[in-house]
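The values are calculated or read from the model by the stated rules, or taken from the named source; none is laboratory data. All figures in this text were calculated on a predicted structure; none of them were measured in a lab. In this analysis, Cβ positions are derived from the backbone assuming ideal geometry, glycine residues included, and neighbour counts consider all displayed protein chains.
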Amino acid sequence: MIDIIPKDYELPLYLFHNGTNCETYKFLGCHKGEKDGIEGYYFRVWAAHAEGISVVGDFNDWDENATPMEKIDDSEVWEAFVTGLKTYDTYKYCIHGCDGKTHYKADPYGTHMEVAPNTGSKVFDIDDYLWSDKKWMTEKKSKDIYNCPMNIYEVHLNSWKACPDGKYFSYVRFADTIIPYIKEMGYTHIELMPLAEYPFDGSWGYQGIGYFAPTSRFGTPYDFMKMIDLFHLAGIGVILDWVPAHFPRDEAGLFEFDGGPSYEYSDPKKADHLTWGTRVFDYSKGEVKSFLISNALYWIEKYHVDGLRVDAVASMLYLDYDRRDGEWTPNKFGGKENLEAVQFFKDLNTAVFGRNPNTLMIAEESTSWPMVTKPASDGGLGFNFKWNMGWMNDMLKYMALDPIDRAFHHDMLTFSFFYAFSENFILPISHDEVVHGKASLVNKMYGGDIDNKFKQCKLFMAYMMAHPGKKLLFMGADFAQFREWDYENGLEWFMVDEYENHRNYLNYSKNLNHFYLDHPQFWERDFSWEGFSWISNDDFKQSIIIFRRFDKNGGEVIVVCNFVPVERKSYCFGVPYWGSYTEVFNSSSVDGSPCTNGTVKAVDVKMHGFDQSVCIDIPAFSCMYFTVKKEERPVPEKKAEGKKKTKTAAKKTAVKKAAKAKTTKKSTAKKAE
């Protein structure tokens, strides 16, 4: 029997159409190859409804008749072999669509593109870069990502600082500039807003046309790799925003790629994001699933990105998202869930974790969809982290309230703790909260008094750092920038140089971040009730909450928060142990260093379910951290036999009688007056 050896394209094509090709980028796109002993490049593109396609570019003077493509064995994939090409040659696909029109499209799998606003793809081989981050990549394999600190600094690359000598920074220059700052400030990860090629700066990268091409604004694919390398060499993890929810209507992009619905849904009730003016990926098509899953793995495996923050997950999960009645069609069970998107997420995360177990797959999911961070095999969506949008919305609304009214909205302050362990949460203060008239973080705080705004913002950040869950902060909030984020201009770093309030706030942020890093109580048990316990959550009249955070060895930090501008003298609360309680961080001080209580001793008064308590002074608008030193409870003195009292007891009795007599005397005198 003669074995039938399949052609080298049959398996990739089968997997591609089936939605299970995790490396479609190795087959489709532009790749070096050989045909009949001649070296050149293969071009392959999926276009199911095209009437004809040719490759046009610098190499053939953009002549649409010079380099026609042919279908591979009558499949939906077209191919051409071209010789004489050079790196950086620009090309597009000239597609005669099913609509009778000619469309010039960038390569969906192209690895490099022209600098915007130009939209051509470029010949570029990404496989020759020599990585230097072997130590990082090796150590990452054994890292416990759930019980490690994660303090993410979210950045828009081109507006973190204004480029002094041009419109755009470079990838490498950006890394060289920001790495010392991230290290000094105590962030563990950087999250970069989307860097897959996009035509319009004002989309911030969330409307892309080159899913496999790092934007050329900042350099070549090798420059992008070098940037990742530099972050890893400095011990900084890299998270990239990723957008599988939608794509723009730009002519050069995926929009009606072959003259009709191709990457998008054909059903008009599913095809459009009406408010965003974009198209929705058709998650029912195997080719689209292969495209997106391959793309996710491409950034993780080819570019060594440590995680993806998946944008707009809720918009994918719900058929009625941003639609009124009559504008959407229920699923086969009569519900509003997009079952195809649900299955896509399960397949995506199964594929990613099957090959890269310690990747961060983070869902920006703004609803209460269940089991987002539970494995797909257990019925979950399969992510390992989720942004806690409910916490963010509640707390920003709470901090905007007049402190007088906060007592009537105490549940907004405490509710998040009750579901804090239902998912693996990240607490986000992201770019979305400081644009479009929403105000900067410091200006979200109640009132017009600048000093009180800074106090409340410090309080909020210290409370956030102690709350269960990993952390994310958008650039500018680290030094309390007043102005909203503006993508066309750099952050207002001059405020740090010129104003003491902002300089002090930046130093405070640094100290808070390093306190977080140095205290595993705040990150070792982020996703379990074993890492958290209430002391007091019901003092709504004074807007005070007190809770405990634990590390895996039982060490703890007690957190005391006061959300009103009233100092509380000798405020008493129960504590778990007899011993000493030392104030180690205080948001009301300039830099967070202790300034109020020092060390206080437990007293033998029962409160909050404990056998002992402490009394402290709580500054207005403050959050304080206390560490615990357990001590042996003193043995109480035994009474003498019979009714005889010890000298000490007799003395105490005498003091009490004297005090009572003094009180009676005063009372009598007052009545006489």
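Inspect all residues belonging to the stretch 596-609 and state whether any of them is in the same structural domain as Gly554 (by TED's automatic domain parsing), modelled with pLDDT under 95 and of a type outside the set (A, V, I, L, M).
yes
Within the stretch 466-486, count every residue that is out of contact with any Gly (no Cβ under 7 Å at 6 or more places or on another chain) and touching a residue at least 60 places away in the same chain (Cβ under 8 Å).
Filtering the stretch 466-486 down to residues out of contact with any Gly (no Cβ under 7 Å at 6 or more places or on another chain) leaves 466-467, 469-484, 486.
Cutting the leftovers down to touching a residue at least 60 places away in the same chain (Cβ under 8 Å) gives us 466-467, 469-475, 478, 486.
Residues in the stretch 466-486 being out of contact with any Gly (no Cβ under 7 Å at 6 or more places or on another chain) and touching a residue at least 60 places away in the same chain (Cβ under 8 Å): 11 in total.
Which residues, taken from the stretch 125-143, are in contact with a helix residue (DSSP H, G or I) (Cβ under 6 Å, 6 or more places away or on another chain) and either assigned to a helix (DSSP H, G or I) or within 30 Å of Lys105 (Cβ to Cβ) (or both)?
Ile126, Tyr129, Trp136
Pick from the stretch 555-577 the residues that are assigned to a loop (DSSP other than H, G, I, E, B) and under 31 Å from the mean Cα position of the chain (by Cα): which of them is surrounded by the fewest Cβ atoms within 10 Å (Cβ to Cβ)?
Only one residue tops the list, namely Gly555.
Sort through Leu230, Leu274, Leu240, Leu254 and tell me the only one that's modelled with pLDDT under 95 and of a type outside the set (D, E, K, R).
Values: Leu230 fails: modelled with pLDDT under 95; Leu240 fails: modelled with pLDDT under 95; Leu254 fails: modelled with pLDDT under 95.
Step by step, each of Leu230, Leu274, Leu240, Leu254 is checked, and only Leu274 is modelled with pLDDT under 95 and of a type outside the set (D, E, K, R).
Assess whether Phe425 counts as being under 15 Å from Ser528 (Cα atoms) and free of Cβ contacts under 8 Å to residues at least 24 places away in the same chain.
No.
In the stretch 45-74, how many are under 18 Å from Asp125 (Cα atoms) and touching a residue at least 40 places away in the same chain (Cβ under 8 Å)?
2
Of the residues that sit in the stretch 23-52 and are within 26 Å of Tyr298 (Cα to Cα) and of a type in the set (Val, Ile, Thr), which one is surrounded by the fewest Cβ atoms within 10 Å (Cβ to Cβ)? Write out each step before concluding.
Here is the first cut: in the stretch 23-52, the ones within 26 Å of Tyr298 (Cα to Cα) are 23-34, 39-48.
Those still in the list that are of a type in the set (Val, Ile, Thr) too: 24, 45.
On the way: Thr24: 28, Val45: 25.
Among those that are within 26 Å of Tyr298 (Cα to Cα) and of a type in the set (Val, Ile, Thr), it is Val45.
For the stretch 505-520, how many residues are polar (S, T, N, Q) and crowded, with 19+ Cβ neighbours inside 10 Å?
2
What number of residues within the stretch 279-302 are over 14 Å from Asp347 (Cα atoms) and either among the acidic types (Asp, Glu) or touching a Leu at 6+ places or on another chain (Cβ under 8 Å) (or both)?
Of the residues in the stretch 279-302, 6 are over 14 Å from Asp347 (Cα atoms) and either among the acidic types (Asp, Glu) or touching a Leu at 6+ places or on another chain (Cβ under 8 Å) (or both).
Looking at Phe231 and the list (1) in contact with an Asp or Glu (Cβ under 8 Å, 6 or more places away or on another chain); (2) over 26 Å from Glu365 (Cβ atoms); (3) not polar (S, T, N, Q), which single condition is not satisfied?
Failing condition for Phe231: (1).
Given Leu348, Leu339, which one is among the hydrophobic types (A, V, I, L, M, F, W, C) and either touching a Leu at 6+ places or on another chain (Cβ under 6 Å) or buried (at least 19 other Cβ atoms within 10 Å of the Cβ) (or both)?
Unique residue meeting the criteria: Leu348.
Looking at the stretch 99-113 only, could you name the residues that are crowded, with 18+ Cβ neighbours inside 10 Å and either among the hydrophobic types (A, V, I, L, M, F, W, C) or assigned to a loop (DSSP other than H, G, I, E, B) (or both)? Can you show your working first?
Quick first cut of the stretch 99-113, residues crowded, with 18+ Cβ neighbours inside 10 Å only: 103, 105-113.
Ala106, Asp107, Pro108, Tyr109, Gly110, Thr111, His112, Met113, listed by residue number.
Pull out all pairs, ordered by first then second residue, where Cβ-Cβ is under 9 Å, the residues are six or more apart or on different chains, the first lies in the stretch 364-377 and is in a helix (DSSP H, G or I), and the second is β-branched (Val, Ile, Thr) and modelled with pLDDT of 95 or more.
Cβ pairs passing all conditions: Ala376/Thr350; Ser377/Thr350.
Could you list all residues from the stretch 516-534 that are closer than 22 Å to Leu413 by Cβ and of a type in the set (Asp, Glu)?
Asp526
Select from the stretch 610-651 the residues that are of a type in the set (A, V, I, L, M) and either modelled with pLDDT under 80 or farther than 30 Å from Phe522 by Cβ (or both) and list them in ascending order.
Within the stretch 610-651, Val635, Ala640, Ala649, Ala650 meet the criteria.
Which ones in the stretch 298-330 are in a helix (DSSP H, G or I) and either among the hydrophobic types (A, V, I, L, M, F, W, C) or crowded, with 19+ Cβ neighbours inside 10 Å (or both)?
Passing the criteria: Tyr298, Trp299, Ile300, Val313, Ala314, Ser315, Met316, Leu317.
If I ask for residues that are under 26 Å from Arg503 (Cβ atoms), of a type in the set (Ser, Thr, Tyr), touching a residue at least 40 places away in the same chain (Cβ under 8 Å) and surrounded by fewer than 18 Cβ atoms within 10 Å (Cβ to Cβ), which ones from the stretch 578-601 would you list?
Within the stretch 578-601, Ser593 is the sole residue that qualifies.
Mind counting the residues in the stretch 174-197 that are in contact (Cβ under 8 Å) with a residue 24 or more places away in the chain, under 19 Å from Ile228 (Cβ atoms) and buried (at least 18 other Cβ atoms within 10 Å of the Cβ)? Let's see the steps before the verdict.
Just the residues of the stretch 174-197 that are in contact (Cβ under 8 Å) with a residue 24 or more places away in the chain, to begin with: 174-176, 179, 182-197.
Still in the running and under 19 Å from Ile228 (Cβ atoms): 174-176, 179, 182-183, 187-197.
The next check asks that each one be buried (at least 18 other Cβ atoms within 10 Å of the Cβ); those that pass are 174-175, 179, 182, 187-197.
Looking only at that region, the number is 15.
Looking at the stretch 128-152, I want the residues that are under 24 Å from Asn513 (Cβ atoms) and have a partner that is at pLDDT 95 or above and of a type in the set (A, V, I, L, M, F, W, C) with Cβ atoms under 6 Å, at least 6 apart or on another chain. Which pairs are those?
Matching pairs, first to second residue: Pro149/Leu517; Pro149/Trp523; Ile152/Leu472.
Restricting attention to the stretch 578-591, report how many residues are part of a loop (DSSP other than H, G, I, E, B) and under 16 Å from Met465 (Cβ atoms).
4
Answer yes or no: is there a residue in the stretch 17-40 that is assigned to a strand (DSSP E or B), out of contact with any Lys or Arg (no Cβ under 8 Å at 6 or more places or on another chain), free of Cβ contacts under 8 Å to residues at least 60 places away in the same chain and basic (Lys, Arg).
Scanning the stretch 17-40 turns up at least one residue that is assigned to a strand (DSSP E or B), out of contact with any Lys or Arg (no Cβ under 8 Å at 6 or more places or on another chain), free of Cβ contacts under 8 Å to residues at least 60 places away in the same chain and basic (Lys, Arg).
Which residue out of Glu488, Glu492, Glu500 is more than 22 Å from Asp617 (Cβ to Cβ), charged (D, E, K, R) and either surrounded by 17 or more Cβ atoms within 10 Å (Cβ to Cβ) or within 19 Å of the chain's Cα centre (by Cα) (or both)?
None of the other options fit; the residue is Glu492.
Working only within the stretch 442-465, note down all residues that are buried (at least 24 other Cβ atoms within 10 Å of the Cβ) and touching a strand residue (DSSP E or B) at 6+ places or on another chain (Cβ under 6 Å).
Matches in the stretch 442-465: Ala462 only.
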